[in-house]
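Following: one structure in structure tokens, then a few remarks.
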């Protein structure tokens, strides 16, 4: 789907929250999402804001810190560490799989 007026098309992606991160999202691990069209391409920084406003149900301090994910949250984009993909600057593509894994667990 394309939108006129120089808007970028909608993007459909899958987001997974694992390793305990799903508890912040009502226990739902897999989210199939169509992001709304906007004038600029979606990047990870914008995605994190969208996730906070639309998916995150409780305790945002356990998921985000400032503009990024908090330490202890591993982010994979299409099975690659997001550090290799440009982290917050990575521009989302149609059918990307983005996985957020909490690596910190109580004992």
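The values are calculated or read from the model by the stated rules, or taken from the named source; none is laboratory data. Not measured: the values here are computed from a predicted model. Cβ: placed from backbone, ideal geometry, glycine included. Neighbour counts: every protein chain shown.
Among the candidates 75, 33, which residue alone is surrounded by 14 or more Cβ atoms within 10 Å (Cβ to Cβ), part of a strand (DSSP E or B) and touching a helix residue (DSSP H, G or I) at 6+ places or on another chain (Cβ under 6 Å)?
Working: 33 fails: touching a helix residue (DSSP H, G or I) at 6+ places or on another chain (Cβ under 6 Å).
Among 75, 33, only 75 is surrounded by 14 or more Cβ atoms within 10 Å (Cβ to Cβ), part of a strand (DSSP E or B) and touching a helix residue (DSSP H, G or I) at 6+ places or on another chain (Cβ under 6 Å).
Residue-by-condition table, conditions (1) surrounded by fewer than 17 Cβ atoms within 10 Å (Cβ to Cβ); (2) in contact (Cβ under 8 Å) with a residue 24 or more places away in the chain:
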position	(1), (2)
47	no, yes
56	no, yes
62	no, yes
66	yes, no
81	yes, no
101	yes, yes
*Exactly one condition in (1) closer than 18 Å to residue 103 by Cα; (2) without any contact (Cβ under 8 Å) to a residue 40 or more places away in the chain is not met by residue 18; state its number.*
(2)
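For the subset of region 1-17 comprising residues that are surrounded by 15 or more Cβ atoms within 10 Å (Cβ to Cβ) and modelled with pLDDT of 85 or more, which member is nearest to the chain's Cα centre (by Cα)?
Step one: of region 1-17, the residues surrounded by 15 or more Cβ atoms within 10 Å (Cβ to Cβ) are 8, 10-11, 13, 15-17.
Now drop any that are not modelled with pLDDT of 85 or more, which leaves 15-17.
On the way: 15: 6, 16: 8, 17: 9 Å.
Once the filter is applied, the top-ranked residue is 15.
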